[in-house]
Structure formats: C-alpha cells, structure tokens
C-alpha cells in the first residue's frame, strides 16, 4: 500500500512538470475543461493554442535568423522548410476521413503539439 501511495504522489508531482515541459498554456487547459468533451469546442481550444504556439515559433525563428551568418541562415531556412513539410504531412495523416470526429481532434492536437515542440527546440539555440 505504501508503494502505491508513493507512486501516486510521484505521478501527481510529475504531471505539472510535464505540462510545463510542453509549455501549453493554462488557458488551453481551462478551455479544454470548459469544452466538456464537445468535439468542436475542443478543436477551437486547440486552434487557439496552435495560433499561440505558431506566433512563438515564428518569433524565435526570426530571432535566430537575425543572429546567424549567411551560411547558417540558409541551413536553418532549409531545415525549417523541411520541418514544415514533415509536420503538415504527418499531421494531415492523423485526419483519417473515416476516423470520425476523433480524427479531427487528433490532427489538430498533432499540429498544436508539433508546433510547440519545434518552438521549444529552436529556443534551445538562443
């Protein structure tokens, strides 16, 4: 019983850390709670958070580009273009036309999380 309690406490502590690592805003969490499992409301929440993450990604990309040599700028630009193609193709695959409404949720989640992860990755180069 003691081990179960310890594991439970570890999970309770780890969850906020995971949310911070993902840098998905508290507003997104609140929005999803308010959505109450309604597909379109969840998709709206994901769309709003995706936009926030996209602004973050574009900002860090521009900051990086401004401080790079010409050669490094070309490398980053090439990498970013390829990453965008991958993200779009990968997340489009999540949207299975025969997958019902959950497929739309999964595809939107993919775009949101991939964009957040790329922003965080590029922030590591600052």
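The values are calculated or read from the model by the stated rules, or taken from the named source; none is laboratory data. What you see is a predicted model, and the numbers here were worked out from it, not measured in a lab. When we count neighbours, we look across all protein chains shown, and the Cβ atoms used for this are built from the backbone with ideal geometry, even at glycine.
Among the residues of segment 72-126, the ones that are assigned to a helix (DSSP H, G or I) and within 26 Å of residue 44 (Cβ to Cβ) come to 32 in all. Pairs are defined by a Cβ separation below 7 Å, a sequence spacing of at least 6 or placement on different chains, a first member in segment 23-34 that is at pLDDT 95 or above, and a second member that is part of a helix (DSSP H, G or I); the pairs so defined are 28/45; 28/49; 31/45; 31/48; 32/42; 32/45. Restricting segment 84-116 to residues that are touching a residue at least 24 places away in the same chain (Cβ under 8 Å) and under 14 Å from residue 57 (Cβ atoms), the residue that is farthest from the chain's Cα centre (by Cα) is 87.
Inside segment 59-71, residues that are surrounded by 13 or more Cβ atoms within 10 Å (Cβ to Cβ), in a helix (DSSP H, G or I) and without any contact (Cβ under 8 Å) to a residue 24 or more places away in the chain make up a count of 2. The set of residues in segment 35-58 being in contact (Cβ under 8 Å) with a residue 40 or more places away in the chain and surrounded by fewer than 15 Cβ atoms within 10 Å (Cβ to Cβ) consists of 39, 47.
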